[in-house]
Every structure is written in structure tokens, then in C-alpha cells.
Amino acid sequence: MSLLLNILTNISRIIVGITFILSGFVKAVDPTGTQYKLQDYAEAVGIETLADWMTMTAAVALAAVEFVLGILLLFAIRRRLVTRLTLLFISVMTVITVWIYAANPVSDCGCFGDAIILTNGETLLKNIILLALCLLTARFPMRMPRMVSLNNQWIVLHYSTVFILIISAYSLYHLPIFDFRPYHIGANLVKGMEIPDDAEQPQFETTFIMEKDGERKEFSLDNYPDSTWTFIDSKTTVIRQGYVPPIHDFSITLLPYRSDEEPEGENYTEDITGIVLADTSYTFLLIAPYLEKASDATFGNIARIYEYALDKGYKFYCLTASGREAIGRWSDLTGAEYPFCNTDATTLKTIIRSNPGLVLLKNGTVVGKWGYNDLPAEQLESEGGGLSTESAVLQQNDVMAKRIAKILLWFVLPLTFLVIADRLWMWSRWIKRKETRNSDRLLKLLKIKRKMRKKIVAGNWKMNKNLQEGVALAKELTEVVKNPNCGVIICTPFIHLASVAEIVKGSAIELGAENCADKASGAYTGEVSAEMVKSTGAEYVILGHSERREYYNETPEILKEKVQLALANGLKVIFCIGETLAEREANKQNEVVKAELAGSVFNLTAEEWKNIVIAYEPIWAIGTGKTATADQAEEIHAYIRSAVAEVYGQEVADDTTILYGGSCKASNAPELFAKPDIDGGLIGGASLKAADFKGIIDAWN
């Protein structure tokens, strides 16, 4: 069952990850198209007044979030956080697609831009499947193996984010690096409008409204009534949509004016679509969906291209959806002398993602496209023999293979090399650890004496048990804990210490306190000094517990004083360190524990350090029922030991006892204690019941 869950979880991870990457990437290469789709949604819910910069920012952000989430999921980075974010994202998208399916405000959700067009029903089905897969990954995130170690995960996160933002910025400044629309370079517009002979035809239903004796009813052809009924009206509706060609709304209507004055007595419109598409020479189309919003910064280049077209005998038209007032304003501003034509705004925005943009046609085929930042005025003027489809001017867009190669070179290959290098590094560490273990086994076989650090199970009663209950529990523990294979310590509230000391005297159990003051003596009402603790018969004291740090604002300086006073009075210190959930998810656990050690105990001498026991307690696992996996606990314990080695040397580090203190129970203690750098546990709730506490102690057997 466990193997099956592993397989299903990782299949789900791959499917969702690739889907998110594809969805985010196609949006990023065409941010303007994504912006148009968001504007359609905004209009559907009645917020048409959103500024263009707001919808464009949302389009870029949406693409980046989808792409980066997909990458993180595919690489199993920040597994808990990422799977939850992915589940939240797809949940919101599913709710939106339910609304789209029911209300039909748009015909295509835009999930995959223009690369893959889905109906609203197909989109809903797709999101329901993804939602189920995301639920599985969020339920079992730790079953997904990491592709990159913790230390290198930030590289994948930041590199992916920067990459996808650069893709969006490049596509905005120039044109989409991949054009999935029916007007891409090389597309023949005439063929794009053709309907195959065997294509599915639309089906219509006609309803007749008839009246008889003042009563009106609707009839179809199948039940058309007799002549006693009087015909009133009829209506025809489409009951099944037939084949719709990729290009179905392209038309050009010539306007013979450039000002806001309409010539009187003239039919001022002429459909020239057929003429333009049939032209065997070159035709320049300046595309400006809305002249009111078009950039006029490059009108000089437009004028130069127009003059070039006149000189060569090529046609030049400006296609716009704006009215004559906007056309007149544009003409006055730029001095435009070229003819203007009306074309549907949606069609123009589909043809080119630039306002204005330039399209070059020949024989009805798109042979060149430029955004207003890349208008080819200088290149055209440098052409000696005129245009040719092989000229450098018409090759400003790389072929598809070259673009894919660039994506591989700048994104896929670097990440692939990172994964390979990271896995080789981890493999070398595994080999080194294995060799070390083999060496240790050899030393044992040769009966070379090796000093072993002390194994400890310590109980922290916290603020529980009155005096009588505490005494009873201590007596019960002395009866059940006879010959343990580890050191056993119980740390009790101050009121228990003297009484419990008498009970555990001569037994296998040692006694400790839960705290002591940072002052030796004086007018500090309510405080208990280290000397007082020692006088009760206690041998240990817990310092630096996360609850003391959080609830009583114990700083590193305060803890440094407490440690010094405890050691000066002959007490051994169980010093607690650990990170919060936020710090763990931010991958800052190493720097957090090292800072806590440096702030309070790394000032000790090597001799003083012999009386220090470290207790690592992941704060997010204390009292929550959550437990770090054995591998997670071992990883941080090994890091703590390496930090100690940096200060005191490897020999001292090898002799330092490091306890795990995060919801350790009898059920998981054997797995935790089997790890080479985990030397026992600091036990909270489970230490309040003799049977539970003994079960953890017995894990050392």
C-alpha cells in the first residue's frame, strides 16, 4: 500500500507540475493575450474600469505564479508549502471554471493561452482532475523525493522566477517568442478561412409563433398547425455549432477619409479584403486596434516605411477599430497620409500583440511581423533590390527550433546540470558516511576502545502535577525503570524537587529542574537561583526552552547568564534550541540553531562544555502531534554536531549528547534513536505517564 501511494503521489506531482509549467509558460510568452482574457473576465463581472497596468501586472504575476509553482512541485521543493499553495490555487480556479461553465461569460477560459483551446466543459473537467491530484500531493507531500537538496533549493526558486519574468518582459517589449495564433508568420489567411467540404455544418431550429382565438403558441416544423392558426412571427436558433475555421472574422473595410469630416454624398466604405489577400506583391498592414491608445513614439519609422512602400509600389493600409475622430487625431499628430481601414478590434488584437504593430503580407500569407519597438525602417531602406522572403528583414523572428534550443540552453540545461551536480554531491556524502560507518564497525571488530557519548531520555513535566501527584509519579517510575540502557532524567517543577530527590535517591533516575534564575541571589521575589536548585539534590536544569523564550522573553544574553550560574553551582545544563514553522519553511533552521548556540553557550570553555547537553526541539512539533521525520531530525542533529565541531573540534562534538525534543513517542522513538546523531529525547507530555515514558526508554533496548 505504501509503495502504491508513493507511485500515485509522484505521478500526480509530475502531471500537475507539467500542467502548471505549460500553463504558466504559454501565458508568459503572450502576456498581452493573457491581459485581454483578464479584461474579458473583468467585463463579465462588471469591473470594466480596471486600468491597463493593473490587468497587465495581474497577467504577468499569474503566469509567474503558475510556472514557478509547477517547477517547485516538479522538483519537490518546500513540499508541504508548495502542495498546499498548489491546492489552494487550483481550488480557486475550479470555482471560477464552475461559474464559467454555468454562466458562459467567455467561450475560452484562456488556461493555455492560444496554444490549446478548451471548451468551458473541458476546462471544468481538467480542473476537477487536477484538483483530485493536488489533494493527493497535499495529503502525502513527504512521499515526493527531493530532486535538489535543501541547500540548493533557493537556486531553483530564484532562477525560475527570474527566467519567467524575463520571458514576459521580452515578449512585452518585442512580440511573443512563440506565436500560437492563426496569424503567425507563414500562415496563409485564405486557407485559414476555408471550410472543408466534409466539415460539420451548423444545425438550426425554427420556431413559429401562431395565434388562434386570441391564444398564442409556439410550433416547430414537426408539429406545424393547420390553416385555422394565424402566423405571427418566427425565430431561428443555432442548436449545434458547426465547424468554425481558424480565421472567421477577418475583413478590411476601406475608409476614404482621414479627418472627422465625412464626405457628403459618398459611399465612404469599401470591402477590400479579397483585394488585399489576392495581392501577389507585398502589402504592409499597420495594425492599431485603438488609435487612442497606440504608441506614437515611433511614428517617424512608420512614415519612413510608408514612403518605402510608395517608392516600391507596395500597398500600405492602417487597420483600426477606432472611429473617425480618433483617426483624425492620429493623422494630425503623426502627419499620416496612408489610407485607413476598419477591422474588428478583437481580430486586430489577435493578429499582432502590439499597438501599433506592422504585418507584411504576400499572396495572402504572413511573411513578416514587427512590434512598434522593432519596426524595420532602417533595414528596409538598406535593401538594395527590394524585399524578398529570404531577406534578413523577413527573418527577424527565429525559427521554432532555434527558440526551443534557446529555452533549453538558458533554462532546462542549467537546472539539469544543477540536479546532476547536487545528486552527485549527495551521493559522495552518502559514500563518505558509509565509509565512516564501515570504519566504525571495523574498530569495534578489532576491539579498539572508543569512548561513547551518553544516551539520555529526559522528561519535562512542565507546569503539571501537584506535589502529591508528582511524588506518586516519581515512585511509580522508580518501580518500572530498573536497569535502563540509557540515562534517565526527570525534570520537575520547583515544588517537587526536594521531595522527588528523596524518592529517586539510589535509583536509576536522575533529577533536574525546569529553569533557574539569571541572578545568584537578592531581592528577586518569586525567582529560584541555581544554588537553590542544586541544594534540593537536582543534578540537571533545562535552559532555553522555546516556551521560556516566547512567553517570558528570555534573550540569548539572559540565557548566557543562567548557563554560567548553573555551571558554577555544579548543575549540568540541558540547553534547548530549535526553529519555528515559518523558519523551517523558509529553510532557515540551520542558521537559527547556530545563532542560538552562538548567543548563549559557544562562549564556554571546552571543559565547561562537558556539562552541556543539547536538546533540539522543532517548535512546530512541540505539543502539536507533528513530528519531524527521522531523516529530518538526523539532518539537523548532524548539522548541530558540525557547528559544535567548528568551535570545539570534532572530538568534543563526537562526545556531545544531542537530544530530540519534538513529540517523541514510544511508537517513533526506535526509528529516531536509530539515527547516529540522535542521542535520546527530551520528552514532554509522554513523560507524565509512567508506561508511556518507559516505552520511550525501552527504545534503547
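The values are calculated or read from the model by the stated rules, or taken from the named source; none is laboratory data. Because the structure is a prediction, the values reported are computed rather than measured. Neighbour counts are summed over all protein chains in view; Cβ atoms, including those assigned to glycine, are modelled from backbone coordinates with ideal geometry. Surface accessibility is based on the protein's heavy atoms, side chains included, excluding ligands, DNA and RNA. Shrake-Rupley method; radii C 1.70, N 1.55, O 1.52, S 1.80 Å.
Summary of computed values
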{"item": "Selection within the range 97-126 - surrounded by fewer than 16 Cβ atoms within 10 Å (Cβ to Cβ) and at pLDDT 90 or above", "result": "VAL98, LEU125"}
{"item": "The range 326-352 residues that are open to solvent by less than 20 Å² (accessible area, probe 1.4 Å), paired with ones that are of a type in the set (Ser, Thr, Tyr) (beta carbon under 6 Å, 6 or more apart)", "result": "GLY328/SER259; TYR338/TYR306; CYS341/THR253; CYS341/TYR317; ILE351/TYR183"}
{"item": "Complete set of residues in the range 166-199 that are hydrophobic (A, V, I, L, M, F, W, C), open to solvent by 80 Å² or more (accessible area, probe 1.4 Å) and modelled with pLDDT of 90 or more", "result": "ILE166"}
{"item": "Selection within the range 127-152 - open to solvent by less than 30 Å² (accessible area, probe 1.4 Å), among the hydrophobic types (A, V, I, L, M, F, W, C) and either at pLDDT 90 or above or part of a loop (DSSP other than H, G, I, E, B) (or both)", "result": "LEU130, CYS134, ALA138, MET144, VAL148"}
{"item": "Filtered residues of the range 570-597 (kept if open to solvent by 20 Å² or more (accessible area, probe 1.4 Å) and touching a residue at least 40 places away in the same chain (Cβ under 8 Å))", "result": "LYS572, THR580, GLU585, ASN587, ASN590, LYS594, GLU596"}
{"item": "Only one of ALA582, ALA538 that is more than 17 Å from THR657 (Cβ to Cβ) and either at pLDDT 95 or above or touching a strand residue (DSSP E or B) at 6+ places or on another chain (Cβ under 6 Å) (or both)", "result": "ALA538"}
{"item": "Odd one out for ILE495 among (1) of a type outside the set (Phe, Trp, Tyr); (2) modelled with pLDDT of 95 or more; (3) open to solvent by less than 40 Å² (accessible area, probe 1.4 Å)", "result": "(3)"}
{"item": "Count - residues of the range 547-593 that are of a type outside the set (A, V, I, L, M, F, W, C), outside any loop (DSSP other than H, G, I, E, B) and over 20 Å from GLU608 (Cα atoms)", "result": "11"}
{"item": "Residues within the range 200-217 that are modelled with pLDDT of 80 or more and part of a strand (DSSP E or B), tallied", "result": "9"}
{"item": "Residue in the range 260-267 that is modelled with pLDDT of 90 or more, in a loop (DSSP other than H, G, I, E, B) and open to solvent by 10 Å² or more (accessible area, probe 1.4 Å) present", "result": "no"}
{"item": "All positions within the range 450-483 that are surrounded by 11 or more Cβ atoms within 10 Å (Cβ to Cβ) and in contact with an Asp or Glu (Cβ under 8 Å, 6 or more places away or on another chain)", "result": "ARG453, LYS454, LYS455, ILE456, ASN460, TRP461, LYS462"}
{"item": "Residue list for the range 648-678, filter: closer than 22 Å to ILE542 by Cβ, assigned to a helix (DSSP H, G or I) and open to solvent by 50 Å² or more (accessible area, probe 1.4 Å)", "result": "ASP655"}
{"item": "Looking only at the range 507-548, and only at residues there that are basic (Lys, Arg) and in contact with an Asp or Glu (Cβ under 9 Å, 6 or more places away or on another chain), the one that is surrounded by the fewest Cβ atoms within 10 Å (Cβ to Cβ)", "result": "LYS519"}
{"item": "Leading residue by the ranking (farthest from THR656 (Cα to Cα)) among those in the range 598-618 that are of a type in the set (Gly, Ala, Ser) and open to solvent by 10 Å² or more (accessible area, probe 1.4 Å)", "result": "GLY599"}
{"item": "Among the residues listed as ILE47, ILE11, ILE71, the single one being part of a helix (DSSP H, G or I) and farther than 21 Å from LEU157 by Cβ", "result": "ILE11"}
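The rows are residues; the columns are (1) of a type in the set (Gly, Ala, Ser); (2) modelled with pLDDT of 90 or more.
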position: TYR306; (1), (2): no, yes
position: SER322; (1), (2): yes, no
position: ASP332; (1), (2): no, no
position: PRO339; (1), (2): no, yes
position: ASP344; (1), (2): no, no
position: ILE352; (1), (2): no, yes
position: LEU358; (1), (2): no, yes
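For every residue, the table says whether it meets (1) in contact (Cβ under 8 Å) with a residue 12 or more places away in the chain; (2) among the acidic types (Asp, Glu).
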| residue | (1), (2) |
| --- | --- |
| GLU502 | yes, yes |
| LYS505 | yes, no |
| CYS516 | yes, no |
| THR525 | no, no |
| ALA538 | yes, no |
| ASN553 | no, no |
| ILE558 | yes, no |
